[in-house]
Amino acid sequence: MVDTVTGGRALIDEDGALVLLDAKEAPEVEVDQRMFLGVEPDGTPVFAVDGPLPEQPGTRALNLREVGHQLSDRDAGLFTAAVALAQWHAGHPFSSTTGLPTTAAEGGWTRVDEAGTQVWPRTDPAMIVLVHDGVAGPTGRCLLGNNAAWGRGREVRRFSCLAGYVEPGESAEAAVIREVVEEVGVEVESIEYEGSQAWPFPGSLMLGFTARADPDQPVRVDPTEIAHARWFTRDEIAAVLSGEVVDAGDGARVGLPPPSSIAHYLIDRWLTELST
């Protein structure tokens, strides 16, 4: 069976399941361009290919952000691995060691040049943190930011958890402290690990945390990273998630991360665990 991806999208059927194609239906690629994803319980091998999505009645071409939260663990894992591998292969046509052209090998899990030098898929550790004030009930607050890279002047201004890459020689917890100070000028404490998510855009492992901060600290954003940052009450977050309009200023309304993201998980968990 073949999981076909193109531009980070795959076919999803009307029941919200990943569509695996028979080898005859999948785009034709060279054998070394097939990426081995594993074996089904009945012994059927599953591969991924990067190519045009075929026309299939009752299906839609969707990306992980749009549908990841609706997929089973098995389908989400296959989709994530396929996208991550496809993007890695597309971005590594040459060896960073020798400069020679590389070709796929070992079922798509390595690339090798003519000198035999191998390179492997890279996963970059990154932290993402929901900063909150530790207060229970509807007046408890969390600090969210609107990334400067998301653009301005939109009808919906999306706010999310603060995030950044873990630097060489740095622990994930140290990265939490550093990134929050750098992005919004706030010092945090009581850092707790909450879970992780593979995020193949392009190849990160998101390490999710919560941390507590005093909301009386002034918020000073780094404008190269964060366009807006503010504290939200649980009532405001609950309103946004229920579809109500919460004013973000400048004629925009507040939006939150998609349900498929670990950012949404962290926000939703904070909302429900200390809601009373």
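The values are calculated or read from the model by the stated rules, or taken from the named source; none is laboratory data. Worth saying up front: this structure is predicted, and the values here are computed from it rather than measured. Glycine also receives a Cβ, built like all others from the backbone with ideal geometry; neighbour counts cover every protein chain displayed.
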ask   = Quick one: in the stretch 154-176, which of the residues that are in a loop (DSSP other than H, G, I, E, B) and closer than 29 Å to GLY249 by Cβ is nearest to the chain's Cα centre (by Cα)?
value = CYS161
request  = Name the residue, out of HIS264, HIS228, that is assigned to a helix (DSSP H, G or I) and either assigned by TED's automatic domain parsing to the domain that holds GLY134 or buried (at least 16 other Cβ atoms within 10 Å of the Cβ) (or both).
outcome  = HIS264
ask   = Out of the stretch 204-214, which residues are in a loop (DSSP other than H, G, I, E, B) and crowded, with 16+ Cβ neighbours inside 10 Å?
value = ALA213
key: the stretch 179-221: number of residues that are closer than 21 Å to ALA148 by Cβ and either in contact with a Pro (Cβ under 7 Å, 6 or more places away or on another chain) or without any contact (Cβ under 8 Å) to a residue 12 or more places away in the chain (or both)   = 2
message = Just the residues that are among the aromatic types (Phe, Trp, Tyr) and free of Cβ contacts under 8 Å to residues at least 40 places away in the same chain, please, taken from the stretch 96-140.
response = TRP120
query = From the list VAL5, VAL49, which one is at pLDDT below 90, touching a strand residue (DSSP E or B) at 6+ places or on another chain (Cβ under 7 Å), closer than 26 Å to PRO257 by Cβ and not in a loop (DSSP other than H, G, I, E, B)?
reply = VAL5
query = Take the residues of the stretch 81-104 that are in contact with a helix residue (DSSP H, G or I) (Cβ under 7 Å, 6 or more places away or on another chain) and more than 27 Å from LEU207 (Cα to Cα): which is surrounded by the fewest Cβ atoms within 10 Å (Cβ to Cβ)?
reply = THR103
key: Filter result for GLU179 (among the acidic types (Asp, Glu) and assigned to a loop (DSSP other than H, G, I, E, B))   = no
task = Confirm whether GLN56 is part of a helix (DSSP H, G or I), modelled with pLDDT under 95 and not basic (Lys, Arg).
result = no
request  = Would you confirm whether any residue within the stretch 241-253 is closer than 16 Å to GLY164 by Cβ and in contact (Cβ under 8 Å) with a residue 24 or more places away in the chain?
outcome  = no
ask   = Do we have any residue at all in the stretch 242-251 that's under 23 Å from the mean Cα position of the chain (by Cα) and of a type outside the set (Gly, Ala, Ser)?
value = no
ask   = Among the listed residues ALA90, ALA17, which satisfies the condition of being at pLDDT 90 or above, within 24 Å of ASP124 (Cβ to Cβ), under 21 Å from the mean Cα position of the chain (by Cα) and aliphatic (A, V, I, L, M)?
value = ALA90
query = Would you say VAL129 is outside the structural domain of ALA10 (by TED's automatic domain parsing), closer than 30 Å to PRO218 by Cβ and either over 17 Å from the mean Cα position of the chain (by Cα) or surrounded by 14 or more Cβ atoms within 10 Å (Cβ to Cβ) (or both)?
reply = yes
request  = Return yes when VAL180 is assigned by TED's automatic domain parsing to the domain that holds VAL129 and at pLDDT below 95 and no when it is not.
outcome  = no
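One line per residue, one yes/no per condition, for (1) among the β-branched types (Val, Ile, Thr); (2) exposed (fewer than 15 other Cβ atoms within 10 Å of the Cβ); (3) farther than 30 Å from HIS89 by Cα:
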{"residue": "ASP124", "(1), (2), (3)": "no, yes, no"}
{"residue": "ASP133", "(1), (2), (3)": "no, no, yes"}
{"residue": "CYS142", "(1), (2), (3)": "no, no, yes"}
{"residue": "GLY145", "(1), (2), (3)": "no, no, yes"}
{"residue": "ALA148", "(1), (2), (3)": "no, no, no"}
{"residue": "LEU162", "(1), (2), (3)": "no, no, no"}
{"residue": "ALA172", "(1), (2), (3)": "no, no, no"}
query = Which residue, of GLY77, GLY68, is free of Cβ contacts under 8 Å to residues at least 40 places away in the same chain, farther than 20 Å from GLU25 by Cβ and part of a helix (DSSP H, G or I)?
reply = GLY77
